[in-house]
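K.L.:
I have a structure I would like to understand better, so I am pasting it below and will then ask my questions one at a time.
We did not get these values from a lab; they are worked out from the coordinates using the rules stated. Model, not experiment: these values are computed from the prediction. Quick reminder, even Gly has a Cβ in these numbers, built from the backbone with ideal geometry, and neighbours come from all protein chains shown.
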Amino acid sequence: MVKGKLELVICGAAGGIGQPLSLLLKQSDLISHLALFDVVNAPGVAADLSHINTKSTVTGHGKDQMDEAMKGAHTVVIPAGVPRKPGMSRDDLFKINAGIVRDLAEGVAKNCPGANVLVISNPVNSTVPIVCEVLKQHGVFNPRKVFGVSTLDAVRASRFSFETNSSIPPSSRVTVVGGHSGTTIVPLLSQLPNNFVGSLSKEELEKLTYRIQFGGDEVVKAKDGAGSATLSMAFAGARFTLAVLQATVGGKTGLIESTYVNLAADADATREFKAKTGLEYFAQDVEFGPEGVQRIVPLPTLSAYEQGLLEVAVKELKVNITKGTAFITDNS
Ligand code: NAI
């Protein structure tokens, strides 16, 4: 990377998420170059975007051009792979997406080992461990720079809470911990102001929580075989990417998002939690800094209901994490 220039790579840039995400990021002055990598259609998407009169330049890179796309990149965003069809869980995608994400992580290790890596491809609970294991094998793993993008869960939590009680502004940030699939998604609604949770009946709270955990299924069902969330995901992905960029190069402090990370990113803050749960990865509020994760924000006091959700999440997360880790360690 040329000093002072920020190159951002989007892998899977021609896909349902990749295209609108590229469009949103084309609008940021923090990015000087957008490299769009995809096994199909990348040059066309790049040509189209390159006519937009914002600062960044755009290039498209096809099937055999991953290395040139990634060379010296500051940040790599990964929405590559297959999305869900009705009836599928995120874990059903593992067979195909695990190999895709592994190959992209190899590309990062070889071409831009110091890059921030933002993983959108599902199942995030397992694909993030895959990226970390590949980077470890190459001796370039920095836990502060690998993120599972679970922002869509927080976006849905804010929107659905507002729909439930309009005194909660739709822009309120909800902390969502755990992971990014079904019951591993644990929204901490008790943190919302105006006694939000107290205003709900037990049934209303359970219904809202379920909707946040399984909101993705609503989109998969409505798209009826044509994929999963793309536009709301692009919105969430851009929000997350811009927060990372604003902290790493824009000099902004105090930016916080919930994200799925390796707990070694802030070993001191997470030692006790790790010892208690046995988890190596967990989604939690993270404050960003110039080097990626600045600190992992300690878990707030959970309500008894949230504590119960967390216990269920921990069990499933363990299985997901082991599956991702073993995909690399058992095959090398
Ligand atoms: P899509 O099928 O529309 O696009 C995926 C793109 O990746 C395609 O253009 C495809 O050509 C490309 N691709 C496949 N293999 C590749 C490789 N080896 N290198 C580079 N590009 C490659 O799928 P969509 O809807 O964009 O979803 C992408 C992923 O994001 C899926 O795994 C989906 O489950 C996940 N997702 C994650 C969410 C989250 O909250 N983290 C939310 C919604 C979807």
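K.L.:
Mind listing the long-range amide H neighbours of V117? Cut-off is under 5 Å, sequence gap 5 or more, other chains count too, H placed in the peptide plane at 1.01 Å from N.
P.N.:
For V117, the qualifying residues are V76, V146, F147.
K.L.:
Another question, if that's okay. Given H placed 1.01 Å from N in the peptide plane, which residues other than close sequence neighbours of S228 have an amide H under 5 Å from its amide H?
P.N.:
R84
K.L.:
List, in the order given, every pair from K63/K110; K55/K145; K145/K202 whose Cα-Cα distance in the structure shown is over 27 Å.
P.N.:
K145/K202
K.L.:
At a Förster distance of 22 Å, what's the computed FRET efficiency of L302 paired with N195, Cβ-Cβ distance as r, to 0.05?
P.N.:
Calculated transfer efficiency: 0.85.
K.L.:
While we're looking at this one, here's another question. May I have the extent of the alpha carbons of the chain along their three principal axes, as whole Å values ordered from largest to smallest?
P.N.:
Cα extents, longest axis first: 54, 42, 41 Å.
K.L.:
What is the sum of charges, Lys and Arg at +1 and Asp and Glu at -1, for the other residues whose Cβ falls under 14 Å from the Cβ of G81?
P.N.:
+1
K.L.:
Still on this model: How large is Rg over Rh for the stretch 253-332, taking Rg from the Cα atoms and Rh as the Kirkwood inverse mean of 1/r across Cα pairs?
P.N.:
Rg/Rh: 1.00.
K.L.:
Mind pulling up the Rg/Rh value for the stretch 230-291? Radius of gyration and Kirkwood radius, both on Cα. Before the final figure, lay out the partial values.
P.N.:
Values: Rg = 13.4 Å, Rh = 12.8 Å.
Taking Rh as the inverse mean 1/r over Cα pairs, Rg/Rh reads 1.05.
K.L.:
Turning to a different aspect of this structure: Can you give me the pair-distance distribution of the stretch 132-189, C-alpha pairs, 10 Å bins, whole percents?
P.N.:
Taking all Cα pairs of the stretch 132-189, the binned fractions are 22, 35, 24, 13, 5 percent.
K.L.:
Mind checking which of A304, A35, A13 has the largest fluctuation in a GNM of the chain, springs on alpha carbons under 10 Å?
P.N.:
Of A304, A35, A13, the most mobile in the Gaussian network model is A304.
K.L.:
Still on this structure: Using only the Cα atoms of the stretch 180-332, what are the Rg and Dmax in Å?
P.N.:
According to the Cα coordinates of the stretch 180-332, Rg and Dmax are 17.2, 53 Å.
K.L.:
To continue, here is another question. Residue by residue through the stretch 311-316, which ³J(HN,Hα) values in whole Hz follow from phi under the Karplus form 6.51 cos²θ - 1.76 cosθ + 1.60 (θ = phi - 60°), with glycine and proline marked x?
P.N.:
4, 5, 4, 4, 4, 6
K.L.:
Go ahead and estimate [θ] at 222 nm for the chain from helices alone: -39,500 (n - 2.57) per DSSP H run with n ≥ 4, summed, over the residue count, rounded to 500.
P.N.:
Rounded to the nearest 500, the figure is -14000 deg cm²/dmol.
K.L.:
Next question, about the same structure. If I model a spin label at T253 and N53 as a point 7 Å from the Cα along the Cα→Cβ vector, what separation in nanometres do I get?
P.N.:
3.8
K.L.:
Can you work out ³J(HN,Hα) from phi for every residue in the stretch 185-197, in order, using Karplus 6.51 cos²θ - 1.76 cosθ + 1.60 and θ = phi - 60°, giving whole Hz and x for Gly and Pro?
P.N.:
7, 10, x, 8, 5, 5, 7, 6, x, 6, 6, 3, 5
K.L.:
Each residue of the stretch 214-225 in turn: what ³J(HN,Hα) in whole Hz from Karplus with 6.51, -1.76, 1.60 and θ = phi - 60°, glycine and Pro shown as x?
P.N.:
10, x, x, 5, 4, 6, 4, 5, 5, 7, 6, x
K.L.:
Suppose we take every Cα in the stretch 1-138 and form the convex hull; what volume per residue is that in Å³?
P.N.:
It is 99 Å³ per residue.
K.L.:
Here is a further query. Could you work out the relative contact order of the chain, using alpha carbon pairs under 8 angstrom and six or more residues apart, expressed as a whole percent? Walk me through the numbers on the way to the answer.
P.N.:
Details: 679 pairs, mean separation 57.8, N = 332.
Contact order relative to length: 17 percent.
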